[in-house]
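Some notes on the structure that comes next.
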Amino acid sequence: MCAVTQGQRGKTMNLIKQKLTELDPDLLFAVILSLCVFSFFAFSNPLFFTLNAGFSIMERFAVLGLVGLALTLCIIAGEIDLSIGSNAALSAVIVVRLTDSMGAFPAIGIGVLCATLIGLAQGYLIAYLKVRAIVLTVGTLMLLRGVALFAADEKTVMLTDFRMTDFIQEKIWIFFSPASLLVILLFIIVGVFIKYTKYGREIYAIGGARKEAIASGVNLKRPMMIVFALSGFCAGMGGAIIGLRSGTAQPLALQYLLLAATVAAFIGGVNILGGKGSVIGAAVGVLTVNFLNTGLVYNVTPSYVVQIYLGVLLLIVIVFQTLSILYDKGKQRRLLLHDTALTKQKMIDAYKSVLK
Amino acid sequence: MSALEYSASMSAGWLAKKITKENRVGFAILVVISIAFIYFAIATPNYLSVFNVKTIIRDAAIVGIMGIGLTFVTLSGNFFLLSMKETAALSIIVFAMGMSNDYGFIFSMLGAMSIAVLAGAFQGILIGLGGNPIIVTLGAAGILYGVASWWSDNLVIFFKRPHDAEWLGTGMVLGVPTITISFVIFAIIAELVLRKTRFGRQVYLVGANRAAGKATGHENLPMAIKTCIIASACCAFAAIAFSAQMSSAQANYFSSEFGSSGDLTILVIATVMVAGNSIMGGYGSVLRTSLGAVFISATDNLMVLQGFNSGARVLSVGLMIVLSILIFAYVRRDSRSEG
Amino acid sequence: MQLSNIRRSFGSIHALKGVDLNINHGEIIGLVGENGAGKSTLMKIMSGFDDGFEGEFLVDNVPVKLGTPQKAQEQGIAIAQQELSLIPALTVAENIFIGGDHGPTVASLGQLSKMARPFLDEVGLENVSAKTLVNRLSIGERQLVEVARLIAHKPNLLILDEPTAALGESDSNRILEMVKRLKAAGKSVIYVSHRLDEIFKITDRCIILRDGLSQDSVDTKELDTNKLVSMMLGRELHSMFPPRDFSKNNTKNKTIRFEVNSLWPDRTLVPINMKIYAGEILGLAGQLGSGSGEVLAAMAGMHDTQGGSITDCYTQENYLPKNAKQAISKGIAYGSPDRKYDGLFLGRSISENLSSPNLKGISSKGIIQPQKERPLVEDIAKSFTIDLTRLAQEASVLSGGNQQKVALGKWLSISPELILIDEPTRGVDVGARAEIYNKVREIADSGKAVVIASTDLLEISNLPDRVICFYKGCYVSELVGEEINSTNILQAITNPENILLEDAS
């Protein structure tokens, strides 16, 4: 009797151990960090733990989630889209301007379409002219700002009828709104796409091992254009949501999105060298940043202090990643040395048996 | 042959050698742009006046000085810093605090410089140890700006006129603004350092091939630290000069609305890239950066005189950056390695 | 497949001057030849990466025009390059189906694993789950996965380029087993390798390339090492090597210049001890990964070690450099095997390249003194026969041979006492090779210590005065004077019976 239960316990322990080792340490770190941040704010400020706060968090998630997802994909593919903030601002301007004349949905459609085409164009240039994304998006960051300024006539664009867009903020199931639900759906779709289709795998391939991917026959252009088109789409959608939610659009706004989304992406386990990361990680990272943001706002912290926190958080994550890369290298070296010792032993044994 | 004819034929010969088969397209585009530019320049009233030219160069000075500092970072193969305007923001606050508390120019300047040097060293260490420059400086930017706003409570700091730094802010030497002269001096010194000193040579070598640099005894870590310090120090100087001009400082002076041409950091990066410095490092010069600064300023000036609003100006600078990136990428596509 | 009279030139370089190659279904052919004989050019042509050749190319008696690798795949030809092209962050199954259209567009990992299973079994990876991440596999397993990926395209002809180059004994055997299995399944294999023992084990026939020409194919049964080596090397090429004076090997006349004590670089099985004499060229022979290259790199601080040191017998100093800077300060020069990666600053001028290791020496108080740099650079250029008028040009415009001269020549700027060169003439044409060999001999004759590591059999048998042979991370034997010839070396570096183990009786 005792032997059987002990055996079973042993088996489950082994199973748990096996599952734990299979877990991605970066994702684990992200989840733990996210829980820490949440608990910190929940304990220090009773207001944080309310349903309203939850709704507020999800609302932020809607926008930052999109941008974080887009940036995560870019970094997985080994590139980065610095122009995402400007693209979003442009989209916001377009959507807000057009809503008065043609209603919310067509306006959203046009805004998102523009942003996606812009992203597609950037992807095309990066793939065909072999320009590095870092370099190109520095320029397009500025270019799109100019276009946004132009489209907004240098002003802050506003809706005439704010009620037209109230539906975006309707509460559904306490925490959610049409916006956040849409974004969650998008996360699921993109997650499935990345994991289960050939195109998704190609994105991972060109990230971490670009030379090998090309040598394997992967056409660089397709995944690159997909990634940047998606990035444009997310930027467009995010801008549309922000624009309609507040009813205004400033052509020079939304630059903070880049830092916040980058922090979110890195918390979520993305690696600057590419090839690593996940949609779930992105979601966790975005939530963490949202907890931080909302928590600080509830603690009446000015936005520039929030930036300090974000910057520090980013550097912590970078340091953690660098350390874990070093640790990995050390582990590989030990494996190598262990292997050589084994080989040596095998040879000695082989000779001993021959000599006998 | 007269001297003029001789030099003309020599330059023509040199020029002809530069136009290789690959360069032809890039060169043609350059020629088209130059012609368009010259046309508009002549067509716009007052554009080519001495006063206007001085204005152009003066407007280019602040961005140009920062660009000169950034050039070191780019040439060494460390891409660029996204924290330039935030370093400037912090420096300007420290400087203004010093000035408004009557510490005088020297102390205030030292204070601002030291902060900038520290910030640069910090980022340089992280980058040299293997951190990606974009990410590291993105994070540092948030921290620097936050500290700047926090220290100054996001208020404007004034210091009375006349003050110790008048010579820098509004002063003139022989009819040329001191700021412009500083720009020229910085450019000359920087170019000399790059061409003639051991450090400058190391910058080029490590930028051209980091692995080969390592194999010949030149590691990236000291390079990253030194170049980041130089870039940050230049930001500090530019900030000080601007503060002297305005006799005040606020943390957001360098934010979105600076110079009506948009994001200062992007503008500085633009001055480095527009004239052809290689983003991968190892090729280029401060001369190119200075030309880039002047060119951007000239274009902006042209548009102002023609009556364009800020949207168009931001757009055109952005367009210039993108086009120059594409042109140089196309022209150099053969001599670059993949990925 | 049938290739007749294939010719290929790149400008003035004739890579292939007339190659014939036939292969039938279910045959394994060994393709052998020295570096530069034209093997890689031929393989590129066969696999569709190169179509600028002249000559006949028939597949199943039908002439084909393969413009792209994809077309070659359609014809049933697949090639496994020497550099693995697996993506470490993805799983085995995902790697097998990535790239190309033979995989499904939408599939879960489980489905892909099922589809990958038969291919994995065919290459002998029955015990490896298709869901494993590639970066967790050993290098031998990765090589097999690479071939599995090829098979997934269902080819009729596989070209394997040095599949066992980086593998240990047991992994190499798995590859050989797999090749035999492929033959049993009716596929044809072209097996390219420097490891002649493997050629003897599995090939039916051998095609030997030499200097862009193919010899008539020979049945492997009729070959032995000697015959094969002599067919590969020929006799005319010996003239490019400077004559050696073996009387110098009389130990009484020699002074030990450096001693390597218990140096244990990573990947070597046991610590290595060597004596390096002044005025001689010491050669380290061994295949890739055998330890010859690792020892050299470790001596210069460019490779991790578990311990050991170098003793400078003139100064009695004992040290081990940890990086290039330290090595340079001790007068150690190290020419790496891959000049494009870390031997040259391609975007900078030749002059700057030549002075790069010794910036301190040409500057005072931090400022570079042109009056010191120019004579130094010109001296080096003259002694390596680099055209002085080209010194201001970018290093990238030079030919391979001249680039190698710059990559090696720059080390003269530190007036080194110990010169270490790994692969002195990789990718270098015959003319430049002779110049480099002469220069190396000159440096040795002037009293310096020179150590060369090379996988080029011709080079390692004709240049050094003394040769130490390595095999799979062990020191095997030392050949002196008349003992140095290609057969002895080849035997030592491929034949396990001669291993010297520290605790073997």
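Look through the stretch B:139-161, keep the residues that are farther than 19 Å from B:I229 by Cβ and under 22 Å from the mean Cα position of the chain (by Cα), and return whichever of them is nearest to the other protein chains (Cβ to nearest Cβ). Spell out how you get there, then give the answer.
Going through the stretch B:139-161, the residues farther than 19 Å from B:I229 by Cβ turn out to be B:142, B:145-146, B:149-161.
Filter again for under 22 Å from the mean Cα position of the chain (by Cα), leaving B:142, B:145.
Working: B:G142: 3, B:Y145: 6 Å.
Here the answer is B:G142.
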Scanning the stretch B:30-86 residue by residue, those within 15 Å of B:K226 (Cα to Cα), within 13 Å of the chain's Cα centre (by Cα) and not aliphatic (A, V, I, L, M) turn out to be B:G69, B:T71, B:F72, B:T74, B:F80
When you go through (1) in a loop (DSSP other than H, G, I, E, B); (2) touching a helix residue (DSSP H, G or I) at 6+ places or on another chain (Cβ under 7 Å); (3) within 13 Å of chain A (Cβ to nearest Cβ) one by one for C:E83, which number turns out not to apply? (2)
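Please work out if A:V218 is more than 8 Å from every other protein chain (Cβ to nearest Cβ) and free of Cβ contacts under 8 Å to residues at least 40 places away in the same chain.
Numbers: more than 8 Å from every other protein chain (Cβ to nearest Cβ): no; free of Cβ contacts under 8 Å to residues at least 40 places away in the same chain: yes.
Judged against the criteria, A:V218 is not a match.
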Test set (1) away from every other protein chain (no Cβ under 14 Å); (2) in a helix (DSSP H, G or I); (3) touching a helix residue (DSSP H, G or I) at 6+ places or on another chain (Cβ under 7 Å) - A:L182 fails condition number: (3)
Can you pull out every residue in the stretch B:317-328 that is facing chain A (nearest Cβ under 7 Å) and either modelled with pLDDT under 75 or surrounded by fewer than 20 Cβ atoms within 10 Å (Cβ to Cβ) (or both)? B:L319, B:L326
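Could you grab me the full set of residues in the stretch C:153-174 that are out of contact with any strand residue (DSSP E or B) (no Cβ under 8 Å at 6 or more places or on another chain) and surrounded by fewer than 22 Cβ atoms within 10 Å (Cβ to Cβ)?
Initial filter on the stretch C:153-174 (out of contact with any strand residue (DSSP E or B) (no Cβ under 8 Å at 6 or more places or on another chain)): C:154, C:164-174.
Listed by number, the residues that qualify are C:K154, C:A165, C:A166, C:G168, C:E169, C:S170, C:D171, C:N173, C:R174.
Would you please name the residue that is nearest to the other protein chains (Cβ to nearest Cβ), looking only at residues in the stretch B:233-256 that are more than 15 Å from the chain's Cα centre (by Cα) and of a type in the set (A, V, I, L, M, F, W, C)?
Start the filter on the stretch B:233-256 by keeping residues that are more than 15 Å from the chain's Cα centre (by Cα), which leaves B:240, B:243-253, B:255-256.
Remaining after also requiring of a type in the set (A, V, I, L, M, F, W, C): B:240, B:244, B:246, B:249, B:251.
Working: B:I240: 22, B:A244: 24, B:M246: 20, B:A249: 15, B:A251: 7 Å.
Among those residues, the one meeting the criterion is B:A251.
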Among the residues of the stretch C:433-465, write down those that are within 19 Å of the chain's Cα centre (by Cα) and not aliphatic (A, V, I, L, M). C:R433, C:Y437, C:S454, C:T455, C:D456, C:E459, C:S461, C:N462, C:P464
Do you know which residues across the stretch C:125-141 are of a type in the set (S, T, Y) and touching a Ser or Thr at 6+ places or on another chain (Cβ under 8 Å)? C:S129, C:T132
Of the conditions (1) within 21 Å of the chain's Cα centre (by Cα); (2) without any contact (Cβ under 8 Å) to a residue 40 or more places away in the chain, B:I230 clears all except one; give me its number. (2)
Conditions: (1) surrounded by 13 or more Cβ atoms within 10 Å (Cβ to Cβ); (2) facing another protein chain (nearest Cβ under 9 Å). A:K352 meets all but one. Number of the miss? (1)
Of all residues being assigned to a loop (DSSP other than H, G, I, E, B) and either buried (at least 20 other Cβ atoms within 10 Å of the Cβ) or not assigned by TED's automatic domain parsing to the domain that holds A:I272 (or both) in the stretch A:120-167, which is farthest from the chain's Cα centre (by Cα)? Just the residue, please. A:L159
Output the number of the condition that A:L117 fails; it satisfies all remaining conditions of (1) surrounded by fewer than 24 Cβ atoms within 10 Å (Cβ to Cβ); (2) within 12 Å of another protein chain (Cβ to nearest Cβ). (2)
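Okay, residues lined up against (1) β-branched (V, I, T); (2) touching a residue at least 24 places away in the same chain (Cβ under 8 Å); (3) within 14 Å of chain B (Cβ to nearest Cβ):
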| position | (1), (2), (3) |
| --- | --- |
| A:A265 | no, yes, yes |
| A:V270 | yes, yes, yes |
| A:I280 | yes, yes, no |
| A:Y304 | no, no, yes |
| A:D339 | no, no, no |
If only one of B:I92, B:I135 is crowded, with 24+ Cβ neighbours inside 10 Å and touching a strand residue (DSSP E or B) at 6+ places or on another chain (Cβ under 6 Å), which one is it? B:I92
Output the residue which, of all residues in the stretch C:344-371 that are over 31 Å from the mean Cα position of the chain (by Cα) and of a type in the set (D, E, K, R), is nearest to the other protein chains (Cβ to nearest Cβ). C:K360
For the stretch C:305-374, please list each of the strands (runs of 3 or more DSSP E) lying entirely inside it that holds at least 1 residues being buried (at least 20 other Cβ atoms within 10 Å of the Cβ). C:309-312, C:332-335
A:G281 versus (1) crowded, with 19+ Cβ neighbours inside 10 Å; (2) of a type in the set (G, A, S); (3) modelled with pLDDT under 85: which is the lone unmet condition? (3)
Matching residues in the stretch C:375-398 - criterion: being more than 22 Å from C:S446 (Cβ to Cβ) and either surrounded by 15 or more Cβ atoms within 10 Å (Cβ to Cβ) or within 14 Å of another protein chain (Cβ to nearest Cβ) (or both): C:R390, C:L391, C:A392, C:Q393, C:E394, C:A395, C:S396, C:V397, C:L398
Checking the structure you have, find out if any residue of the stretch C:404-423 is in a loop (DSSP other than H, G, I, E, B), polar (S, T, N, Q), closer than 30 Å to C:E34 by Cα and more than 13 Å from every other protein chain (Cβ to nearest Cβ). no
Candidates C:V92, C:V128 - the one that is more than 10 Å from chain A (Cβ to nearest Cβ) and surrounded by 20 or more Cβ atoms within 10 Å (Cβ to Cβ): C:V92
Might you let me know whether the stretch B:170-190 holds any residue that is without any contact (Cβ under 8 Å) to a residue 40 or more places away in the chain, within 18 Å of C:I328 (Cβ to Cβ) and within 14 Å of chain C (Cβ to nearest Cβ)? no
Enumeration of residues in the stretch B:158-201 that are modelled with pLDDT under 80, in contact with a strand residue (DSSP E or B) (Cβ under 8 Å, 6 or more places away or on another chain) and over 21 Å from B:M66 (Cα atoms): B:F159
Could you tell me which numbered condition B:S260 fails, if it satisfies all but one of (1) modelled with pLDDT under 80; (2) within 14 Å of chain A (Cβ to nearest Cβ); (3) more than 24 Å from B:T170 (Cα to Cα)? (3)
Does B:W167 satisfy the criteria of being over 30 Å from C:I419 (Cα atoms), hydrophobic (A, V, I, L, M, F, W, C), within 14 Å of chain A (Cβ to nearest Cβ) and surrounded by fewer than 22 Cβ atoms within 10 Å (Cβ to Cβ)? no
Got at least one residue in the stretch C:151-166 being among the charged types (D, E, K, R), at pLDDT 85 or above and not in a loop (DSSP other than H, G, I, E, B)? yes
Return a yes/no flag: does the stretch A:190-213 have any residue that is within 14 Å of chain B (Cβ to nearest Cβ), assigned to a loop (DSSP other than H, G, I, E, B), under 30 Å from C:N95 (Cα atoms) and not aromatic (F, W, Y). yes
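The values are calculated or read from the model by the stated rules, or taken from the named source; none is laboratory data. Every value quoted in this text rests on a predicted model; they were computed, and no experiment measured them. Ideal geometry is used to build each Cβ from the backbone, glycine not excepted, and the neighbour counts take in all protein chains shown.
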